[in-house]
1. Pull out the extension gain between ARG217 and ASP678, defined as 0.36 nm times the separation in residues minus the alpha carbon to alpha carbon distance; nm, one decimal.
2. Which semi-axis lengths, in whole Å and largest first, follow from the square roots of five times the eigenvalues of the Cα gyration tensor of region 515-652?
3. Mind checking the dipole of region 1-97: about its Cα centre, +1 per Lys or Arg Cβ, -1 per Asp or Glu Cβ, Debye to the nearest 20?
4. What does the highest-first list of 16-23, 75-82 look like by mean Cβ count within 10 Å?
5. For region 432-501, list log₁₀ I(q)/I(0) at each q in 0.26, 0.27 Å⁻¹, using the Debye formula over Cα point scatterers of equal strength and ignoring solvent, two decimals each.
6. Which sequence of ASP56, ASP62 reflects their accessible areas, 1.4 Å probe, from the largest down?
7. Please pull out the direction-averaged projected area of region 468-575, using the convex hull of its alpha-carbon atoms, in nm² to one decimal place.
8. Evaluate the charge dipole of the chain about its Cα centre and quote only its size in Debye, nearest 20, assuming +1 on the Cβ of each Lys and Arg and -1 on the Cβ of each Asp and Glu.
Amino acid sequence: MPTLTLPGYPRIGQDRELKRATERYWKDPSLEGELLSIARDLRERHWRRQVELGIDLVAVGDFSFYDTMLDASVLFGCVPDRYRALGRPDSLAVYFAMARGTKDLAALEMTKWFDTNYHYIVPEIDGRFELHAENLLAQVREARSLKLRPKPVVPGPYTFLKLAKLAPGLALEDALERIAPIYGELIARLAGEGVEWVALDEPALVLDDPPPADALRRAYDTMGSGAGNLRILLQTYFEDLGTNREFALSLPVGGIGLDLIRGPRQWELLVPDGGLPSDWIVVAGVVDGRNVWRSDLADLLERLSMVQGRLGERLWIGPSCSLLHLPYTVAAEMNLDPEVRDWICFAEERLLELSILKRGLAGGRAAIEAELAINRKILDARQRSERFQDSAVRQRQSKLDESDYTRAPFEERRAVQRVELGLPLLPTTTIGSFPQTVELRSIRNRYRSGKIRRNEYQNFIDASIGEVIRVQEQIGLDVLVHGEFERSDMVEYFAEQMHGMLATSNGWVQSYGTRYVRPPLIYGDVSRPKAMTVRESALAQSLTKKPVKGMLTGPVTILNWSFPHTGLTREEIATQIALALRDETVDLEAAGIRIIQIDEPAFREGLPLRASGRSPYLRWAVRAFRLASSGVRPSTQIHSHMCYSDFNEIIDSIAAMDADVISIENSRSAGELLHAFDRFQYPRGIGPGIYDVHSERVPPVAEMVDLIHRSGRILPRDLLWVNPDCGLKTRRDEEALPSLRNMVAAARQVRASWSGS
Ligand code: GLN
Ligand code: ZN
């Protein structure tokens with residue numbers, strides 16, 4: 001019988017208990033006891049659920065108050081000195097200060113975890129390490145006291161250091177050498193607790209970069225020296241090991257976890273002479289931890305049976321990666337279309353699939369005959385469903401030609417837009433959303449739960465639009481927005497209105513800290529039955545003479561922030577979404593909207609982990625954007641927005657998107673911007689964000705004047721725009737409006753000085 005284990009389980013609580021308890025604690029630190037006890041309950045509930053669903057070795061250490069990389073920073077004593085005055089290095093006060101900053105201290109940097117929408121806190125390494133294992137050991141004991149078999153999960157030394165910021169002059173090799181004894185100490189302590197296996201997560205091994213082989217092997221030798229009976233599982237995921245395969249197989253560990261969904265070629269390791277060391281176990285990651293469609297169980301059983309014939313008890317099974325990236329359970333989706341509901345698995349259903357496979361491997365096909373029959377029926381139904389295929393969409397797709405992707409040349413567009421829009425030098429605008437009040441959120445919830453009627457909800461939205469137009473005119477912005485009050489989420493709003501997509505009601509996945517998102521399902525061909533944003537934009541435009549920007553979420557972002565179906569390529573799905581958005585731009589234009597912004601904040605996140613996949617991705621992603629934006633007249637100005645300025649790798653693609661204007665993040669340093677643009681003259685309008693919306697601080701005019709001047713030295717003045725670096729949705733009016741007033745004052749000041757010179 002194969003052993004069943006997993007790299008990690010969701011931790012936020014099925015009813016988002018962790019978010020609520022954490023945010024209560026942030027407001028009132030005297031509630032630490034409550035937070036700790038809710039955390040303990042959640043861990044116990046999650047472990048029990050794993051065991052009920054057939055897991056043999058439960059994951060311990062995958063629970064986190066914010067992020068597991070941050071937990072590892074504390075575990076290994078990588079707490080920068082500036083935070084240490086706040087308490088013990090492993091206290092909650094220090095922990096959350098590193099995660100979110102305090103009044104006086106900035107937070108550690110945060111960035112995306114591989115190609116997911118999960119963000120980790122970047123460790124800061126100065127070369128000193130010390131072990132703080134008590135929290136982890138306490139959790140191991142918790143699991144033991146429940147009579148479970150704990151498998152602690154910790155980032156491996158290579159991944160931990162590779163993703164960290166090393167102090168200047170500290171080489172990765174040196175850091176590895178110094179941290180290895182600390183890992184060794186941890187492993188010895190875990191062995192002392194009777195732990196059988198510890199998983200070291202080493203997803204960095206799937207990246208193109210070759211690891212520093214000798215140093216890393218030495219580190220693993222050192223780490224394992226006091227392990228006794230405890231064995232190390234080298235856990236990989238998100239890709240094939242590629243050229244690092246041979247190296248990974250040479251490490252002194254007891255087994256390896258492989259992602260067979262993203263790296264299906266790795267099945268070849270599981271044949272005789274496939275290269276797997278003869279005393280290793282292998283955890284075959286056979287069910288998808290990144291997407292939701294049901295697995296083909298009969299197919300998996302057949303392949304796994306063959307492998308089991310060769311490896312016997314050395315074959316273990318699990319999900320392809322941590323289940324952190326999936327919501328808890330489909331059972332909580334009471335309102336989901338029942339047909340589509342049948343087709344999907346969240347975390348619990350994934351474990352159920354594994355437990356069925358385990359029984360099948362133990363007792364043969366006959367033992368799970370009934371489950372296989374149901375599985376087959378569902379897969380066939382999905383394949384055949386009319387909901388899945390839309391011939392009108394496919395036909396339209398097949399008729400696309402180059403002209404659908406091309407607008408008139410930029411200089412030509414620029415000339416007509418100048419006349420059409422009559423904007424000043426350094427036009428001021430915002431990124432789209434304005435603060436959403438508690439009242440708005442509560443009215444939206446009441447509308448969703450049927451407590452108030454549609455027209456009552458719409459009246460409230462319309463009044464908010466009227467108010468925000470008035471406010472923007474008063475502030476003196478040049479290009480206005482309608483404020484996005486009708487949207488709780490920029491992807492979900494479109495998913496709810498498009499055919500082929502569905503929003504979930506409880507499918508929360510952690511994005512960072514206590515910020516969770518509900519990725520929609522793309523279950524079939526995508527199309528737009530009717531206009532999605534025209535009513536609100538047209539209303540806003542009717543209230544002002546200034547141009548109002550229409551606001552759409554781009555095709556690549558909608559795709560990247562959803563669970564896409566697997567019957568088409570990502571390129572094909574992006575094309576379908578682009579066609580739907582293109583119709584929307586045409587309708588907006590017909591309704592008198594002269595500027596349309598198509599946001600692509602997830603454009604860069606979709607970049608494949610491997611360099612070989614990058615240019616194909618960029619090619620179709622750019623084309624999807626162009627398809628969405630090329631249906632309008634040359635006089636209609638297309639904007640796009642991206643929440644980062646780190647364009648170095650992709651600046652050519654950004655230019656190829658051919659937007660008339662892009663707005664980007666930049667407020668932290670105009671220096672980074674310089675970096676991308678000294679190599680490449682960006683040939684379009686550009687609004688480098690002039691202040692950081694993620695902070696509650698109101699930036700003074702002088703500071704923004706300075707930043708505009710600095711941008712003006714790097715970029716052509718007549719192509720510069722002035723705007724914040726992202727939407728204002730999560731701010732309060734008290735912060736957002738004074739900041740915008742200062743921003744407009746700054747633009748006017750620079751405008752005057754430039755026109756004078
Ligand atoms: N238009 C969106 C907003 O202003 C953009 C959000 C984003 O970039 N993530 O909220
Ligand atoms: Zn943004």
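1. On the way: separation 461, 0.36 × 461 = 165.96 nm, distance 4.02 nm.
Answer, rounded to one decimal: 161.9 nm.
2. Working: eigenvalues 143, 61, 39 Å².
Over the Cα atoms of region 515-652, the semi-axes work out to 27, 17, 14 Å.
3. Details: 14 positive and 15 negative charges, 32 e Å.
So the magnitude is around 160 debye.
4. Working: 16-23: 17.6, 75-82: 19.5.
For the peptides 16-23, 75-82, the packing ranking is 75-82, 16-23.
5. Treating every Cα as an identical point scatterer, log10 I(q)/I(0) equals -1.21, -1.25.
6. Numbers: ASP56 45, ASP62 20 Å².
The ranking, largest first, comes out as ASP56, ASP62.
7. Working: hull surface 33.4 nm².
Over every viewing direction, the Cα hull of region 468-575 projects on average to 8.3 nm².
8. On the way: 95 positive and 104 negative charges, 265 e Å.
So the dipole magnitude of the chain works out to roughly 1280 debye.
The values are calculated or read from the model by the stated rules, or taken from the named source; none is laboratory data. Quick caveat: nothing in here was measured; it's all calculated off a predicted structure. Glycine also receives a Cβ, built like all others from the backbone with ideal geometry; neighbour counts cover every protein chain displayed. Surface areas here come from the heavy atoms of the whole protein model, side chains and all, with no ligands, DNA or RNA. Shrake-Rupley method; radii C 1.70, N 1.55, O 1.52, S 1.80 Å.
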